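Contents: one structure, followed by commentary.
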Amino acid sequence: MLTLQRGSHHGLLIAPRWPSTRIQLEEEVLQCLLDAQALLPTGLRLLLTRGFEPSRSRLGGFRRVVRRIGIAVFRTCYPQRRDEIDAIFSANGHDIDGRHVDVSLVLHGKRLRLLPLGVFTPPRWQHRRVARYAELVARAKRSLQDCGFELHHNPTEALQIHCDYPPR
Ligand SMILES: [Zn+2]
(Lines give C-alpha, C1' and ligand atoms only; values in the text may rest on other atoms or scores of the structure.)
Protein backbone atom coordinates (compact mmCIF):
# COMPACT_ATOMS: atom_id res chain seq x y z
CA MET A 1 0.00 0.00 0.00
CA LEU A 2 1.28 3.45 -0.91
CA THR A 3 0.66 6.70 0.95
CA LEU A 4 0.52 9.87 -1.12
CA GLN A 5 0.55 13.41 0.17
CA ARG A 6 -1.18 16.38 -1.44
CA GLY A 7 0.54 17.57 -4.58
CA SER A 8 1.59 15.87 -7.76
CA HIS A 9 2.86 12.30 -8.01
CA HIS A 10 4.47 11.48 -11.38
CA GLY A 11 2.02 13.99 -12.85
CA LEU A 12 -1.06 12.64 -11.09
CA LEU A 13 -2.70 15.31 -8.92
CA ILE A 14 -3.43 14.37 -5.32
CA ALA A 15 -5.93 16.33 -3.21
CA PRO A 16 -7.18 14.33 -0.20
CA ARG A 17 -10.79 15.03 0.72
CA TRP A 18 -11.09 16.95 3.96
CA PRO A 19 -10.20 16.09 6.72
CA SER A 20 -7.73 13.59 5.19
CA THR A 21 -4.21 14.77 4.63
CA ARG A 22 -3.02 11.80 2.58
CA ILE A 23 -4.34 9.07 0.33
CA GLN A 24 -3.57 5.37 0.63
CA LEU A 25 -3.94 3.03 -2.33
CA GLU A 26 -2.43 -0.08 -3.87
CA GLU A 27 0.60 0.44 -6.05
CA GLU A 28 -0.98 -1.26 -9.08
CA VAL A 29 -4.04 0.99 -8.74
CA LEU A 30 -1.80 4.05 -8.83
CA GLN A 31 -0.09 2.67 -11.92
CA CYS A 32 -3.46 2.26 -13.64
CA LEU A 33 -4.45 5.82 -12.74
CA LEU A 34 -1.21 7.00 -14.33
CA ASP A 35 -1.96 4.88 -17.41
CA ALA A 36 -5.49 6.31 -17.60
CA GLN A 37 -4.17 9.84 -17.33
CA ALA A 38 -1.69 9.20 -20.13
CA LEU A 39 -4.65 8.48 -22.45
CA LEU A 40 -6.18 11.91 -21.83
CA PRO A 41 -5.65 15.01 -23.96
CA THR A 42 -3.23 17.61 -22.60
CA GLY A 43 -5.06 20.03 -20.37
CA LEU A 44 -7.30 17.35 -18.88
CA ARG A 45 -5.93 15.69 -15.75
CA LEU A 46 -7.10 13.28 -13.12
CA LEU A 47 -7.17 14.39 -9.50
CA LEU A 48 -7.19 11.66 -6.86
CA THR A 49 -9.33 12.64 -3.84
CA ARG A 50 -9.93 9.46 -1.87
CA GLY A 51 -8.53 5.97 -1.43
CA PHE A 52 -8.34 3.51 1.45
CA GLU A 53 -9.75 4.82 4.73
CA PRO A 54 -9.58 2.18 7.48
CA SER A 55 -12.87 2.10 9.37
CA ARG A 56 -11.08 1.66 12.71
CA SER A 57 -9.39 5.03 12.58
CA ARG A 58 -10.37 8.56 13.58
CA LEU A 59 -11.00 9.33 9.93
CA GLY A 60 -13.23 6.26 9.58
CA GLY A 61 -15.16 7.32 12.69
CA PHE A 62 -15.53 10.85 11.34
CA ARG A 63 -16.81 9.56 7.99
CA ARG A 64 -19.36 7.38 9.81
CA VAL A 65 -20.77 10.36 11.74
CA VAL A 66 -20.89 12.52 8.60
CA ARG A 67 -22.59 9.67 6.75
CA ARG A 68 -25.28 9.36 9.42
CA ILE A 69 -26.02 13.09 9.27
CA GLY A 70 -25.84 13.00 5.49
CA ILE A 71 -28.42 10.23 5.25
CA ALA A 72 -30.83 12.19 7.47
CA VAL A 73 -30.44 15.33 5.35
CA PHE A 74 -30.67 13.40 2.07
CA ARG A 75 -33.88 11.68 3.23
CA THR A 76 -35.39 15.07 3.97
CA CYS A 77 -34.28 16.67 0.70
CA TYR A 78 -35.00 13.74 -1.57
CA PRO A 79 -37.72 11.55 -0.04
CA GLN A 80 -38.29 9.95 -3.45
CA ARG A 81 -34.64 8.84 -3.80
CA ARG A 82 -34.57 6.45 -0.83
CA ASP A 83 -33.37 3.57 -2.95
CA GLU A 84 -30.14 5.48 -3.74
CA ILE A 85 -29.10 5.99 -0.13
CA ASP A 86 -27.12 2.79 0.07
CA ALA A 87 -25.23 3.44 -3.15
CA ILE A 88 -24.40 7.00 -2.19
CA PHE A 89 -23.69 6.71 1.51
CA SER A 90 -22.10 3.30 1.93
CA ALA A 91 -18.32 3.35 2.22
CA ASN A 92 -18.26 1.74 -1.25
CA GLY A 93 -15.17 -0.28 -0.39
CA HIS A 94 -13.02 2.63 0.78
CA ASP A 95 -12.97 0.98 4.21
CA ILE A 96 -11.86 -2.39 2.82
CA ASP A 97 -8.67 -1.90 0.80
CA GLY A 98 -6.77 0.39 -1.52
CA ARG A 99 -8.58 -0.69 -4.69
CA HIS A 100 -11.38 1.88 -4.43
CA VAL A 101 -10.67 5.47 -5.35
CA ASP A 102 -12.52 8.71 -6.05
CA VAL A 103 -11.24 10.80 -8.91
CA SER A 104 -12.01 14.36 -9.99
CA LEU A 105 -11.15 16.11 -13.24
CA VAL A 106 -9.00 19.17 -13.71
CA LEU A 107 -9.29 21.11 -16.95
CA HIS A 108 -6.50 23.58 -17.70
CA GLY A 109 -5.66 23.82 -14.01
CA LYS A 110 -9.25 24.29 -12.88
CA ARG A 111 -11.17 21.57 -11.07
CA LEU A 112 -14.45 20.59 -12.72
CA ARG A 113 -17.08 20.73 -10.01
CA LEU A 114 -19.64 18.26 -11.29
CA LEU A 115 -21.24 18.08 -7.85
CA PRO A 116 -21.04 21.63 -6.44
CA LEU A 117 -23.17 20.59 -3.44
CA GLY A 118 -21.63 17.15 -3.19
CA VAL A 119 -24.10 14.27 -3.20
CA PHE A 120 -26.85 16.76 -2.33
CA THR A 121 -26.55 18.45 -5.73
CA PRO A 122 -30.02 18.23 -7.33
CA PRO A 123 -30.10 15.81 -10.29
CA ARG A 124 -31.20 18.66 -12.59
CA TRP A 125 -28.01 20.61 -11.79
CA GLN A 126 -25.96 17.45 -12.24
CA HIS A 127 -27.39 16.99 -15.73
CA ARG A 128 -26.68 20.61 -16.63
CA ARG A 129 -23.05 20.40 -15.47
CA VAL A 130 -22.44 17.08 -17.13
CA ALA A 131 -23.96 18.36 -20.38
CA ARG A 132 -21.44 21.21 -20.40
CA TYR A 133 -18.49 18.85 -20.02
CA ALA A 134 -20.09 15.70 -21.43
CA GLU A 135 -17.35 14.91 -23.90
CA LEU A 136 -14.51 15.37 -21.42
CA VAL A 137 -16.26 13.41 -18.68
CA ALA A 138 -17.03 10.58 -21.08
CA ARG A 139 -13.45 10.57 -22.29
CA ALA A 140 -12.02 10.41 -18.77
CA LYS A 141 -14.42 7.63 -17.78
CA ARG A 142 -13.58 5.68 -20.90
CA SER A 143 -9.85 5.90 -20.25
CA LEU A 144 -10.37 4.75 -16.66
CA GLN A 145 -12.42 1.79 -17.88
CA ASP A 146 -9.85 0.99 -20.56
CA CYS A 147 -7.25 0.77 -17.79
CA GLY A 148 -9.28 -1.75 -15.79
CA PHE A 149 -11.45 0.39 -13.51
CA GLU A 150 -15.13 -0.27 -12.92
CA LEU A 151 -17.26 2.85 -12.51
CA HIS A 152 -20.08 3.14 -10.01
CA HIS A 153 -23.59 2.36 -11.27
CA ASN A 154 -25.28 5.16 -9.32
CA PRO A 155 -25.33 8.38 -11.43
CA THR A 156 -24.51 10.67 -8.47
CA GLU A 157 -21.75 8.42 -7.19
CA ALA A 158 -20.44 8.07 -10.75
CA LEU A 159 -19.94 11.84 -10.88
CA GLN A 160 -17.89 11.65 -7.75
CA ILE A 161 -16.03 9.59 -9.96
CA HIS A 162 -15.94 6.50 -7.74
CA CYS A 163 -13.91 3.67 -9.35
CA ASP A 164 -13.23 0.13 -8.23
CA TYR A 165 -10.18 -1.78 -9.40
CA PRO A 166 -11.02 -5.47 -9.18
CA PRO A 167 -8.19 -7.89 -8.42
CA ARG A 168 -6.99 -9.80 -11.47
ZN1 LIG B 1 -15.79 6.53 -3.53
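The values are calculated or read from the model by the stated rules, or taken from the named source; none is laboratory data. The model shown is predicted, which means the values in this text are computed figures rather than measured ones. Positions of Cβ are generated from backbone atoms using ideal geometry, with glycine treated the same way; all protein chains shown enter the neighbour counts. Note: areas computed on protein heavy atoms with side chains; ligands, DNA, RNA excluded. Shrake-Rupley method; radii C 1.70, N 1.55, O 1.52, S 1.80 Å.
Data overview
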item: Simple label model, 7 Å out from Cα along Cβ direction - R67 to Q31, nm; result: 3.0 nm
item: With every protein chain in place, the chain: carbon and sulfur % of accessible area (1.4 Å); result: 52 percent
item: Kyte-Doolittle mean at least -1.0 and Cα axial length at least 24 Å: DSSP H helices in the chain; result: 58-77
item: Gaussian network model of the chain, Cα within-10 Å springs - most flexible of I96, I88, I14; result: I96
item: Heavy-atom surface of the chain, accessible at 1.4 Å and reported per residue (Å²); result: 55 Å²
item: Fluctuation leader among G98, G11, G51 - the chain, Gaussian network, Cα springs under 10 angstrom; result: G11
item: Simple spin-label estimate for R6 and T21 in nanometres, 7 Å along Cα-Cβ; result: 1.0 nm
item: DSSP bridge orientation in the chain - percent antiparallel, rounded to nearest 5; result: 90 percent
